[in-house]
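Working notes for the structure below.
Every read-out reported here was derived from the displayed coordinates using simple, explicitly stated rules and does not represent laboratory data. Note that the structure is a prediction, hence the values are computed from the model and not measured. Glycine also receives a Cβ, built like all others from the backbone with ideal geometry; neighbour counts cover every protein chain displayed.
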Amino acid sequence: MDLKRILKNLDWWLITAVLILMGCGLGLIDSATHSFAVSTGKAWHVQRQSMFMVFGLAIVTVSLAFDYRVLKNYATKLYIINIILLLAVMFVGQSQLGAQRWIQIGSMSFQPSEFAKVFLIICLATFMDKRIEWLEEFKDYLPVFAYILVPFILVMRQPDLGTSLTFIAILIGMIFVSGFKYKWFFRMGLAFMALMPVFWMILKDYQKNRIRVFLNPELDPFGSGYHVIQSKIAIGSGGFLGKGWLAGTQSQLNFLPENHTDFIFAVAGEEFGFIGTVFIISMYMIIIWRGIAIALDADDTFGMLLATGVTSMFMFHGQHWYDRRYYACNWCAFAVFELWRQLADDKPDVGGDFVEY
């Protein structure tokens, strides 16, 4: 292994952005779980996240000497393992929060659908790489669509709408770079819109409520919309510069539900304000930019498809990502508005009736 060559070829923009986000994530988890750590005397969440970070960095270091083309040799096996794991969830999976997505092994549990995303990228990239020269007409892509249909249906049955939509995002990104024509996207979009009433009937009640609340959280302010409303209050009260680390009242006083997982972005907004959230989003944008650049600079079709799949997954990583992106626009706009009010010496009672603003 030529260490100098490896270090020279590293994408330092990507590495820097990832390391910064890892540090930000650890700090935000520490803040979000501070009251728990103080009351129990155990910083369990921070310790677990630190362990995952070290484990992840070790895997990345080892992968530097790994030729990604070798993955093509294991694609078929990974696809079979993927299907077996997703089927196992149906029979031996554990139910949590209204969904059967986890497999319990002793005191440990894991979610096969999370591994399915990575497996799908490798398998679909291999599948398309073998057929890239024949992908000229729309009908040539039908086997590609069929290839992801089985894992897609199995994940939908759990039900896991977010991961299912991530599969679609991965597929769209990979067929786009393979030469899928714009007019075909347009026709498929029209067909999807025509079939939306059918899809709506298929969705579970909780999935329908999630969409309704996404569009208007005030429909159920003390039920499904409570989480979103509290997160908007948290971000809005952070203003332009934020309240400071460990000083967010919504998070520290546990008004913000799931503040160390689903609504960690709200913690960032409350404690570091508009500036902090823009900085975090900028780091995400750098990672996406470098992912696209890596895909475009790939030496072979498999590498291009692999990088595109990973970048597409990152851009659309479940519905938590696009939910937060939508509300981030509202939150950031409110932060700017609040700054303008402060400069005009007409300060609102931030953290109160947020809807009035």
Please report the spacing between the Cα centers of the stretch 207-227 and the stretch 1-57 in Å, no decimals. 32 Å
What is the local net charge at Leu246, summed over the other residues whose Cβ is closer than 13 Å to its Cβ (Lys, Arg +1; Asp, Glu -1)? -2
Give Lys42/Lys243; Lys72/Lys130; Lys72/Lys181; Lys139/Lys181; Lys77/Lys117 a once-over and call out the pairs whose C-alpha atoms are over 18 Å from each other. Lys42/Lys243; Lys72/Lys181
Can you tell which of Gly273, Gly239, Gly179 shows the greatest fluctuation in a Gaussian network model of the chain with Cα springs below 10 Å? Gly179
Principal-axis tilt of helix 112-131 within the chain, Cα atoms, nearest 10 degrees: 40 degrees
About its Cα centre, the stretch 117-218 carries a charge dipole, from +1 on Lys and Arg Cβ atoms and -1 on Asp and Glu Cβ atoms, whose size in debye to the nearest 20 is 220 debye
Relative to the chain, whose Cα atoms define the longest principal axis, helix 161-177 and its Cα axis are tilted in degrees, nearest 10, by 50 degrees
Which distance in nm do the two modelled labels at Phe145 and Leu7 give, with both placed 7 Å along the Cα-to-Cβ direction? 5.1 nm
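Under unit Cβ charges (Lys, Arg +1; Asp, Glu -1), what dipole magnitude, rounded to 20 debye, does the chain have relative to its Cα centre?
Approximately 860 debye in magnitude.
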Relative contact order computed over the chain (Cα-Cα under 8 Å; 6+ residues apart), in percent: 20 percent
Against the longest alpha carbon principal axis of the chain, how many degrees, from 0 to 90 and to the nearest 10, is the axis of helix 205-215 turned? 60 degrees
Using a 10 Å cut-off on Cβ atoms, rank the peptides 31-37, 128-134 from the highest mean neighbour count down. 31-37, 128-134
For Rg/Rh (Cα atoms, Kirkwood Rh), calculated from these coordinates, the label among (i) 1.04; (ii) 1.02; (iii) 0.98: (iii)
Helix-only mean residue ellipticity at 222 nm, the chain, DSSP H runs n ≥ 4 weighted -39,500 (n - 2.57), per residue, nearest 500. What is it? -23500 deg cm²/dmol
